[in-house]
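Working notes, structure below.
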There are 2 protein chains.
Amino acid sequence: MTEAVSRPTLEAVAARAGVSRATVSRVVNGGDGVREPLAERVRRAVAELGYVPNQAARSLVTRRHDAVAVVIAEPETRVFADPFFALQLRGISKELTAHDNQLVLLLTEGRDDHARVARYLAGGHVDGALVFSLHLDDPLPGLIHDAGVPTVFGGRPGWGDDGDAAGHTRSTGEGPGVVYVDCDNRGGARAAVRHLVDLGRTRIAHLTGALDQTSAVDRLDGYRDVMAGVPGASDPRLVVESDFTPGGGERAMRALLDRCPDVDAVFAANDLTALGALRVLRASGRRVPEDVAVIGFDDMLPVAMEADPPLTTVRQDIEEMGRLMARLLLRGLADGRDRSAAMAQPPPAGGVILPTTLIRRASA
Amino acid sequence: MTEAVSRPTLEAVAARAGVSRATVSRVVNGGDGVREPLAERVRRAVAELGYVPNQAARSLVTRRHDAVAVVIAEPETRVFADPFFALQLRGISKELTAHDNQLVLLLTEGRDDHARVARYLAGGHVDGALVFSLHLDDPLPGLIHDAGVPTVFGGRPGWGDDGDAAGHTRSTGEGPGVVYVDCDNRGGARAAVRHLVDLGRTRIAHLTGALDQTSAVDRLDGYRDVMAGVPGASDPRLVVESDFTPGGGERAMRALLDRCPDVDAVFAANDLTALGALRVLRASGRRVPEDVAVIGFDDMLPVAMEADPPLTTVRQDIEEMGRLMARLLLRGLADGRDRSAAMAQPPPAGGVILPTTLIRRASA
C-alpha cells in the first residue's frame, strides 16, 4: 500500500477507487454529475486513506470554505453566562455539523471589537454568517452588509426598509435582502398578560428587556396591546426598564415595589429577569402567586422548572431557532452554487416567525 | 472632502496625512520604520476617515490575519456546561482583544469533526491556534501538526518526544516544537492528599478525572506519590475512575461506597466531581467532613464557595492560564515577523507550569 506513505494524494484516492483524478476531484469538491455508486466508491477510498483535500486549492475551485461564522453581539462573558446563547448555538452546531460545515464563533469583549469582526467576515474566511442579539445602535449590521457576506439574523433586526442601521425608531426590519428568524414575541407577550387579566389581577406590571433590542420592544408592545383593552389598567409606573439578566430583574423589581407596592402581577421579559423578581418578592415577604403572580418568557430549562415556585412562562423553541437559521443560510448558499455561480447567493429575503406557547406552572 | 465619498481609500488617507501611499501602507500593516509623529498622523487620518484596509490585500503583504483559532477538544455541549472552559476563554479573549486579534472559536459536535477543524486551520484563516482539553487517542494534535499552524496547547499534550500521537503510554509531551501551559497537577494533588493524611484520615480515596487526559493522569500520580509513603494506606479499590463531571462524580462515589464503606476521605479530581460526591455522601447519611473529608481541584468559583459545605480545594488560576497561552502565541508570531520572515515562526518550545495552592474551607 504505497499510497499510505506520508500524506495520501488525489492520485492515490483515484487509484484506490479505480476512477480518474477528475472524478475524485468532482466528488471531493461536492460537485454533481458523478453517479452514486461511483461517488460512494470515491468517498470510501477517501475515508480509508484519510485523504485531506488541499483546502486552498479546493477553495479556489469552489469558492467555498464550508465554514459559517456565528456572531453574538454581546461581550464574551455574557455569551457564557446566559443559557439562551448556548441553546441557540446547540441548534446551529447540530445543523452545520450535519452538513459538514465548520462553526466559527467570533467572540468579542464588546462593541468596540465589531469593526474587527466585520474585517474577519470580509476577509474571505467563511461562506456566510449567523448573527444574533443585535442592538439598535450597533454598527454591526451595516458593517456586515458592507462585508458582502450572506447573512441570516436571529431576531428581527432593528433597521428600516432602506437597509440603514436606524436609531431607536420602530421599523419592520424587513428590508430587501434581510433574512431573519424570530419568535412571535408580541403574540407571546399578549398571551401572558391576558392570562394575568383572566386570573383577575388588576395591577399588572412589566419588567422589560433591553429596549435597544427588538425582542424587548415587541414584548412591551404585546403587554401594552392587552393593557390598553382593560379599562383603568394602564399605568406607566407599572413598566420598569430592565436588561434580560437576573441582576437587572432584581433591581427592576425593587424599583417597582417602591413605586407600586400594590402590584399583584408581574410579566417579566424573560425567565432570568423573572428569577431576579422572584428573589426580591420572597425577600419582601410576598407570596407567589397568592400575593403577586409572575410570568416569564423563554421557558429556559432547567431554569424555569427549578424556579421557586416553578415558573409559568411563554415557551419559544430556542434550539430550533438556531437550527432554522443555519438551515436557511445553507440553503441560500446551495442555491447559489446550483445556479453554477461562483459566488454564493444570499438566502431569499424575509422573516420566519416561530410560534410561542404559554406554559402554566405554579407562579401564575 | 471628496475622500469621504463611498469607502475611503489608501490614497485618501495618504492625502489627509500628507504622506506617501507607501508610508500609509507600512503603518496600516503594522510594519516598523515609520517615525512616531508621522505614524501617529497616519493613524489619526485612518481614524478620521474610517479607513478599513482591504483585508485580502493586506494579508497578501503581511501573511497575517490578526486572528487566532481556539479549539477545545470537547463537544459543544460540554464547552458550554463546564465553567472551566468559560474561564479559560475569558483569559484568552482579554489578551487577544488587547492585541486587536480576533478570537475564532471552532466548535464541534465531537471527535468525528476534528478532521474538519484541521482543514479549517490549514486553510489559511488564522495565524495560530490555542488548543486545549486534548485526549490521548485524539488525532487532533497530529492533524494540527500537519496543518503547520503555530500552536500553543493548554495542558501538557500526551504524546512523546518523537512528536507522534502516542497511545496510553506515559510521556513528557515536551517534544521539539511543542509549547504548552499547564498547572502543577501532580504537586497540587500531593498537597491535597498530604492534607488528608495530616487530618489523620486512613482510608483516603481518589475519584479520578478522564484518564485519557494528562491532567487526570498527573493528579492520580500525585495521589499515589503520597499514598505510597504511608504504610498500609494503599488499596487499589480506593481509586475509582470518573470523568470530571458532576454526574460522573455521583456514579464514582456510589461505586466507592459499595466497595469501601469505611472510606473516610475523598480527593476528587476536580470541583465538579467533588460536587457529585457531596450529593451522594449526603444522600447516604454521611456527614462532611466529620465522617468523610472531601477535597476538590480547580477552585472553580462560585461552585467551590457555594458547595455544601464549602469546598476545600486546590486552586489553579484558569483565566491566567488562558491569558498566558494567548500571550505566548502572540509573542511567537511577533518574533517571526521581526525576523522579517514572511511566515510566522512557532513560539519557542517548552512547557510553562503555573503553581497551585491548597485552599482550606469546611469540607476537609
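The values are calculated or read from the model by the stated rules, or taken from the named source; none is laboratory data. Since the structure is predicted, the reported quantities are computational estimates derived from the model, not experimental observations. Neighbour counts are summed over all protein chains in view; Cβ atoms, including those assigned to glycine, are modelled from backbone coordinates with ideal geometry.
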Checked the stretch A:226-252 for anything under 19 Å from A:Asp264 (Cα atoms) and in a helix (DSSP H, G or I); matches are A:Val226, A:Met227, A:Ala228, A:Pro236, A:Arg237, A:Leu238, A:Gly249, A:Glu250, A:Arg251, A:Ala252
Looking across the stretch B:1-24 at residues that are at pLDDT 75 or above and among the small types (Gly, Ala, Ser), the single one that is surrounded by the most Cβ atoms within 10 Å (Cβ to Cβ) is B:Ala17
When the stretch B:146-156 is checked residue by residue, the ones that are modelled with pLDDT under 90 and either more than 13 Å from every other protein chain (Cβ to nearest Cβ) or on the phi > 0 side of the Ramachandran plot (or both) are B:Gly148
The number of residues in the stretch A:72-83 that are within 19 Å of A:Glu320 (Cβ to Cβ) and crowded, with 23+ Cβ neighbours inside 10 Å is 1
**OP:** Evaluate the following for A:Asp212: is it over 19 Å from A:Pro289 (Cα atoms) and either modelled with pLDDT of 95 or more or in contact with a His (Cβ under 6 Å, 6 or more places away or on another chain) (or both)?
**Re:** yes
By residue number, the members of the stretch A:95-117 that are in contact (Cβ under 8 Å) with a residue 40 or more places away in the chain and in a loop (DSSP other than H, G, I, E, B) are A:His99, A:Asn101
The lone condition B:Trp159 fails out of (1) modelled with pLDDT under 90; (2) part of a loop (DSSP other than H, G, I, E, B); (3) within 13 Å of chain A (Cβ to nearest Cβ) is (3)
In the set A:Arg219, A:Arg201, A:Arg259, A:Arg190, the lone residue that is surrounded by fewer than 20 Cβ atoms within 10 Å (Cβ to Cβ) and at pLDDT 95 or above is A:Arg259
task: For A:Asp317, state whether it is at pLDDT 95 or above, of a type in the set (D, E, K, R), surrounded by 23 or more Cβ atoms within 10 Å (Cβ to Cβ) and under 28 Å from A:Tyr180 (Cβ atoms).
output: no
When the stretch B:118-145 is checked residue by residue, the ones that are at the interface with chain A (Cβ under 10 Å from one of its Cβ atoms), out of contact with any helix residue (DSSP H, G or I) (no Cβ under 7 Å at 6 or more places or on another chain) and part of a helix (DSSP H, G or I) are B:Tyr120
Checked the stretch A:253-292 for anything in contact (Cβ under 8 Å) with a residue 60 or more places away in the chain, assigned to a loop (DSSP other than H, G, I, E, B) and among the polar types (S, T, N, Q); matches are A:Asn270
Task: Check on A:His114, more than 10 Å from every other protein chain (Cβ to nearest Cβ) and more than 20 Å from A:Val181 (Cα to Cα) - done: yes
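Out of all the residues in the stretch B:60-71, which are at pLDDT below 95 and either buried (at least 21 other Cβ atoms within 10 Å of the Cβ) or within 18 Å of the chain's Cα centre (by Cα) (or both)?
Matches in the stretch B:60-71: B:His65, B:Asp66.
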Among (1) more than 8 Å from chain B (Cβ to nearest Cβ); (2) surrounded by 24 or more Cβ atoms within 10 Å (Cβ to Cβ); (3) of a type outside the set (Val, Ile, Thr), A:Leu106 falls short only on (1)
